[in-house]
1. Looking at segment 158-303, send over the antiparallel percent of its DSSP beta bridges, to the nearest 5.
2. Calculate the translational D of the chain in whole µm² s⁻¹ from Stokes-Einstein, where the hydrodynamic radius comes from the Kirkwood formula applied to all Cα pairs, the temperature is 37 °C and the viscosity 0.692 mPa s.
3. What distance in nm separates the simple spin-label points at ALA131 and SER178, each placed 7 Å from Cα in the Cβ direction?
4. Report the convex hull volume per residue for segment 64-223, counting only C-alpha atoms, in Å³.
5. Report for the chain the percent antiparallel among DSSP-assigned beta bridges with both residues inside it, nearest 5.
6. Residues of the chain: accessible area per residue at 1.4 Å, in Å²?
7. Leaving out ligands, DNA and RNA, what percent of the accessible area of the chain is carbon and sulfur, probe 1.4 Å?
8. To the nearest 20 debye, what charge dipole does segment 1-154 have about its Cα centre, counting +1 at the Cβ of each Lys and Arg and -1 at the Cβ of each Asp and Glu?
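The values are calculated or read from the model by the stated rules, or taken from the named source; none is laboratory data. Owing to the predicted nature of the structure, the values given are computational and were not obtained by experimental measurement. FYI the Cβ positions are ideal-geometry reconstructions off the backbone, even for glycines, and counts take in every protein chain you see. When the accessible area is computed, the model is the full protein with side chains, heavy atoms only, and any ligands, DNA or RNA have been set aside. Shrake-Rupley method; radii C 1.70, N 1.55, O 1.52, S 1.80 Å.
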Amino acid sequence: MNKKILVIGSLNMDMVIPVKELPQRGETILGGSPDYIPGGKGANQACAAGKLGGSVTMLGKVGKDAMGRTLKENLAAAGVDVSPVEETSDAPTGMAVIYVSETGSNSIVVIPGANALCDASYIQANEDLIAASDIIVLQLEIPYEAVFRAIELAKKHRRLVVLNPAPAPDSLPPEVISKLDYFTPNETELARIAGLPVGGVEEAIAAGKKLVSQGVGTVLATLGEAGALLVTSQEAKVIPTLRVKAVDTTAAGDTFNGAFVTALAEGMDEAAAITFGNKAAAISVTRKGAQTSIPTRAEADAY
């Protein structure tokens, strides 16, 4: 029996604009035709878990508009229970404007919209849903107070907490850090939150050890082409990823997180779950878009 995954976070419509190179400060460039693709870090991670076979529910807010309906329908089609996602008249659905260069690099501007209304009282009102789930997955595209309240409630009900600290704050409160079972930053996020430089595996291990010493159960840092770094109080090791030609790195980290928690929910051990996450993320960067790039379970198993 798969454990139940609850993803609490953002739902955005991504406007993806292809460009030759990312614009420099003050520069005006021409872009190609935009694509409108369902995104948002929370929704991406829920979508990945759903497409990869997880038993997953999404909690968040969208506007009472066409984009909000599209986002909910897309997640439902991926196997995600979206019944708790609230449609609000007080703000439009969140958006992200994403420039993607020919080499696959991206630059993103997020417009929170309804995500900004996902506050602590909304989380509190959904305590029963947190209590009824096994693994609680969070990011930082909704107000921090909501994320912190969700972590508090998850620990009250002895649930496993996974925090993907993106976009990264300069720091996290000690009482939040000490409640995290899994902390899943990329290199930039790891450096910022640990307050240490991360320019390679050795520095990443030092930053990971610092966070573990502050109470994080396991630091699981995604290091791009190098793979994923696992740091606990007992060990530090890199689990390599597959070598692929990247077309678009949008949502690679989200795919990794969704895949990793899906594998954990199925009872895989950490190393196997990380390998599964690496594989799903590697497939995703060979395709364009956020949720459109996420593989199905059949694709991941066959790869």
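1. Rounded to the nearest five, the antiparallel share is 60 percent.
2. Once the numbers are plugged in, D ends up at 173 µm²/s.
3. It is 2.5 nm.
4. Each residue corresponds to 136 Å³ of Cα convex hull volume.
5. Given both bridge residues lie in the chain, the antiparallel proportion sits at roughly 40 percent.
6. I get 42 Å² per residue for this part.
7. In the chain, the share of accessible area belonging to carbon and sulfur is 52 percent.
8. Computed about the Cα centre, the dipole is about 260 debye.
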